[in-house]
Amino acid sequence: MVQAKALVKRFGEFEAVRGIDVEVRRGEAFGFLGPNGAGKSSTMRMIASVSPRSDGELKVLGMDPSVDGPRIRARLGVVPQQDNLDNELTVRQNLQVYSRYFGLSRAAARRKATELLEFAQLSDRADDEVEPLSGGMKRRLTIARSLVNDPELLLLDEPTTGLDPQARHLLWDKLFRLKSRGVTLIITTHYMDEAEQLCDRLVVMDGGRIVAEGSPAELIDRYSTREVLELRFPPGEAAPDVADLAERVEVLPDRVLLYTGSGETALECAHARGVRPLSSLVRRSTLEDVFLRLTGRELTE
Ligand SMILES: Nc1ncnc2c1ncn2[C@@H]1O[C@H](COP(=O)(O)OP(=O)(O)OP(=O)(O)O)[C@@H](O)[C@H]1O
């Protein structure tokens, strides 16, 4: 669906995307995971064929965006980072007007709106204005609107940023449904749980480069250990030397992470040598740990 080779995006002298190789296959959910400024949105905008590449090669749906932009855009759905719904129209009108841009007849646009309102669980708000809707509802409406042209490929830029956990789960459920219908999804996110939940494969981006790629499970296997023991100490207190209790230890400002096969065993050993943390937690490894390993920084500030 998408092939990028040595893809570059420059803004003046600044390289936001610094020569990335990506291949997205039909039917998969593919993720770009990285912190703010990693180059995810710039990459998405090139794939969406609304921002020209500065260098390298890019094919979307087998076509070159610099030649076939309109034909590509006709077959894509795009959910931008910021909702850009029309606040002066009702929920239903937002869908109908957008359908008309894609050339649907008035009757077809009405049918499509009804179908998408149901999909987005917004049928009972169809005649309400957009402004009073919750953040989650607005996101669902933006996704519904991106589907008016039955896209084969849906691009979602940070789909759940700013939403509460319940709204996020509802949105993920909608995205799973689209995927099960065969829609290819490309998602940018800085939430590792979102990437783990949704993505079959992903690339981890940092500073305009891809620093790792694989399925969430592969990345965790490759770059982390099965379990992590988190120890918290009072602010300002020096972390004790526990380096020999784990395969790897990361000292963060507010806690110490011990990467190990068994967190419980590491905790027992720490207790035995008199280490007294404020609190301790054994958890499984996540993509956050992968990111920390790869960059020495945390994913979410
Ligand atoms: N139009 C622009 N002009 C100049 N610099 C830009 C422009 N758009 C993005 N950048 C810069 O390019 C870098 C990558 O930005 P980009 O938005 O692609 O990152 P991101 O990973 O999507 O992060 P975010 O989550 O903040 O959107 C940033 O340093 C940003 O300031």
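For every residue, the table says whether it meets (1) in contact with a Gly (Cβ under 8 Å, 6 or more places away or on another chain); (2) among the small types (Gly, Ala, Ser); (3) surrounded by 15 or more Cβ atoms within 10 Å (Cβ to Cβ).
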residue	(1), (2), (3)
Met63	no, no, yes
Gly69	no, yes, yes
Ala74	no, yes, no
Val78	no, no, yes
Thr90	no, no, yes
Arg106	no, no, no
Ala109	no, yes, yes
Ala113	no, yes, yes
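Every residue, every condition in (1) touching a residue at least 24 places away in the same chain (Cβ under 8 Å); (2) loosely packed, with under 15 Cβ neighbours inside 10 Å; (3) not in a strand (DSSP E or B), yes or no:
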residue: Leu170; (1), (2), (3): yes, no, yes
residue: Asp173; (1), (2), (3): no, yes, yes
residue: Lys179; (1), (2), (3): yes, no, yes
residue: Glu194; (1), (2), (3): yes, no, yes
residue: Glu218; (1), (2), (3): no, yes, yes
residue: Leu229; (1), (2), (3): yes, no, no
residue: Pro240; (1), (2), (3): yes, no, yes
residue: Leu267; (1), (2), (3): yes, no, yes
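In the stretch 113-139, the residues that are in contact (Cβ under 8 Å) with a residue 40 or more places away in the chain form Cβ pairs under 6 Å with partners that are among the basic types (Lys, Arg), at six or more places apart or across chains, as follows: Ala120/Arg140.
When Ile187, Ile210 are checked against the criterion of being farther than 16 Å from Leu294 by Cβ, in the same structural domain as Pro165 (by TED's automatic domain parsing) and part of a strand (DSSP E or B), Ile187 stands alone in meeting it.
For a quick check of your reading: which helices (runs of 4 or more DSSP H) sit entirely within the stretch 7-114 and have at least 3 residues that are away from the ligand (no atom under 14 Å from the Cβ)? Walk me through how you get there before you give the answer.
Values: elements: 40-47, 65-74, 91-101.
The helices (runs of 4 or more DSSP H) meeting that bar are 65-74, 91-101.
In the stretch 219-241, what count of residues is obtained for those that are closer than 18 Å to Arg283 by Cα and of a type outside the set (Lys, Arg)? Walk me through how you get there before you give the answer.
Initial filter on the stretch 219-241 (closer than 18 Å to Arg283 by Cα): 219-233.
Now restrict to residues that are of a type outside the set (Lys, Arg): 219-221, 223-225, 227-231, 233.
Number of matching residues: 12.
For the stretch 128-145, does any single residue satisfy the condition of being more than 16 Å from the ligand (Cβ to nearest atom), part of a loop (DSSP other than H, G, I, E, B) and touching a strand residue (DSSP E or B) at 6+ places or on another chain (Cβ under 7 Å)? Yes, because at least one residue in the stretch 128-145 is more than 16 Å from the ligand (Cβ to nearest atom), part of a loop (DSSP other than H, G, I, E, B) and touching a strand residue (DSSP E or B) at 6+ places or on another chain (Cβ under 7 Å).
If Glu13 satisfies every condition in (1) surrounded by fewer than 23 Cβ atoms within 10 Å (Cβ to Cβ); (2) in contact (Cβ under 8 Å) with a residue 60 or more places away in the chain but one, which is the exception? Unmet condition: (2).
The values are calculated or read from the model by the stated rules, or taken from the named source; none is laboratory data. For clarity, every value in this text was computed on a predicted model and none was experimentally measured. No Cβ is skipped: glycine too gets one built from the backbone with ideal geometry, and neighbour counts run over all protein chains shown.
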